[in-house]
């Protein structure tokens, strides 16, 4: 088990380094990059986004304000409950999130290139299971 956890930590360091480089190339913090990635396919209440990011709501509010000032995010009423405020990517934010996702994918390819197609498929399936068991909210499309 120790070698597995060591491998996970090493992979986490390698992945974080890639994410930091991509974020810096787009003048984003790592947390802003994560926010764009999380919101690419969903609208979330501020409390839900805070849970995904592991941040206090008060900390997240400042992050949202800064991203909104850049034209990347906006606050909008929920379609289900107009009293609830959700965080949504703007058109510019969605476009940047797409470019960032492409850059991250390109930068991660060297990490998985040594794996066979079957090994990559197995790794993907295993990662999906691990992540699903630790995600604050499972989206409707995953149920």
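Summary table
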quantity	calculated
Of residues in the range 102-122 being touching a helix residue (DSSP H, G or I) at 6+ places or on another chain (Cβ under 7 Å) and assigned to a helix (DSSP H, G or I), the one nearest to residue 50 (Cα to Cα)	104
Counted residues, the range 43-57 - those being out of contact with any helix residue (DSSP H, G or I) (no Cβ under 8 Å at 6 or more places or on another chain) and closer than 19 Å to residue 133 by Cα	3
Count of the range 69-106 residues which are within 18 Å of residue 41 (Cα to Cα), without any contact (Cβ under 8 Å) to a residue 12 or more places away in the chain and under 18 Å from the mean Cα position of the chain (by Cα)	4
Some residue of the range 126-139 being over 17 Å from the mean Cα position of the chain (by Cα) and outside any helix (DSSP H, G or I)	no
Set 62, 54: member being over 13 Å from the mean Cα position of the chain (by Cα), more than 13 Å from residue 88 (Cα to Cα) and at pLDDT 90 or above	62
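The values are calculated or read from the model by the stated rules, or taken from the named source; none is laboratory data. From a predicted model like this one, the values you see are computed outputs, not experimental measurements. Heads up, the Cβs are rebuilt from the backbone with ideal geometry, glycines too, and the neighbour counts pull from every protein chain shown.
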